[in-house]
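Trainee: First the structure, which I've put down as structure tokens, then a few questions once you've had a look.
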């Protein structure tokens, strides 16, 4: 038989070799131990989608920092009670509360933002007593300070600025609200400015700004017609409340804006780091990509991604396929303990398959964001509700990169496959 076709095929192959597949990107290591131990680090902001363990991550990092000798306060903007529960407390309020951490070299404090109380404190601190009393009693202010969209984020900026200015803590850990609104506090100064400086507010308060009856003459007949229409829609009393509120607040609003802008700039300077938290699920990692892109757009310093609640196998020596095949062989052979052994092998096969799926999702994120360091954290056996549980998570967040049961670096769930 002629060998010419085979030789021709070989020659063709050498002329046009098949391109080698690209190896999957390997994530950079995220060293959170060094981050929180560095005295230059003053603010750590944890952000991410809801339900990814962001609050527990914030508390665990704060605990690790306190045990490393830092004086830490962890501030949650999330109205849920998860931070208090993870610290073993019944509740938290708007003032930092010290947490007893036996053996810690530093101190740990925790608090939960109360946006109305924070707003009240700002008014009392920056307005004369009579003006402050007038503002606090105003019905429109009472609605604005407790339920207006954006007030929570604006007050978060105020509280963060207060904590940083006090110099009482050398590290502040911020746990932001769930979902994409977690980064809305970056927009807080502009949003509040747009609201109070907006065309509608200026029209509604024109008479008060112009001054009584003379002002009414100045704003003209057109405005009077507009005012009567708006009064019918909103009610005359609400219109007067808004006018009175803005007039009373006008003298101090410049200070609001300046402080919020200063805090915004503080978040962009050296000493602040953002940590994005996600789970190895498509939706959570999609949100993580959004946060990474948004932080890049804002020029905010990103430390990296914490990939929480991963499921690494107890051993990487046996693949899922081989484990499943071995389970069938054990059952066929029979004998004492065959069912138990087969069950253990099937469980390992399931764990390896889950880990492989999670690693593929993590690799996809790293392909899109190769510059973002990653730290994987295994899922806890149950909910974290005390300091001991937080310590376990803190160890996973800050332990040496290769100090895992299987030796797989903490940047990954399974070893990298080099092709």
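Computed from the coordinates by the stated procedures, all read-outs in this text should not be read as laboratory data. Computed from a predicted model, the values in this text were never measured in an experiment. Here Cβ is always computed from backbone atoms with ideal geometry, including for glycine, and neighbour counts include all displayed protein chains.
Trainee: Mind ranking 264-275, 321-332 by how tightly packed they are, going by the mean number of other C-beta atoms within 10 angstrom, highest first?
Mentor: Answer by packing, highest mean first, reads 264-275, 321-332.
Trainee: Using a 7 Å offset from the Cα along the Cα-to-Cβ direction at both residue 356 and residue 133, what is the distance between the two label points in nm, to one decimal?
Mentor: That separation, rounded to one decimal, is 7.4 nm.
Trainee: Arrange the peptides 170-176, 123-129 so that the one whose residues have, on average, the most other Cβ atoms within 10 Å appears first.
Mentor: Result, highest mean Cβ count within 10 Å first: 170-176, 123-129.
Trainee: Ordered by packing density, taken as the mean number of other Cβ atoms within 10 Å over each peptide's residues, highest first, how do 25-33, 50-58 rank?
Mentor: Final packing ranking: 50-58, 25-33.
Trainee: In addition: If you rank 261, 297, 279 by fewest surrounding Cβ atoms within 10 Å, what's the result?
Mentor: On the way: 261 16, 297 9, 279 23.
Exposure proxy ranking, most exposed first: 297, 261, 279.
Trainee: Does the range 282-347 come out rounded, prolate or oblate, given a ≥ b ≥ c as the square roots of the eigenvalues of its C-alpha gyration tensor, rounded meaning a/c under 1.5 and, failing that, prolate meaning a/b above b/c?
Mentor: It is prolate, given that a/c is not under 1.5 and a/b is the larger ratio.
Trainee: Next up: Where a ≥ b ≥ c are the square roots of the eigenvalues of the C-alpha gyration tensor, would you call the range 294-383 rounded, which needs a/c under 1.5, or, failing that, prolate if a/b is larger than b/c, or oblate?
Mentor: The shape class here is prolate.
Trainee: How big is the gap, in Å, between the Cα center of the range 358-419 and the Cα center of the range 126-143?
Mentor: 49
Trainee: Then there is this: Label points 7 Å out from Cα along the Cβ direction at residue 333 and residue 258: separation in nm?
Mentor: My value for the distance between the label points is 8.0 nm.
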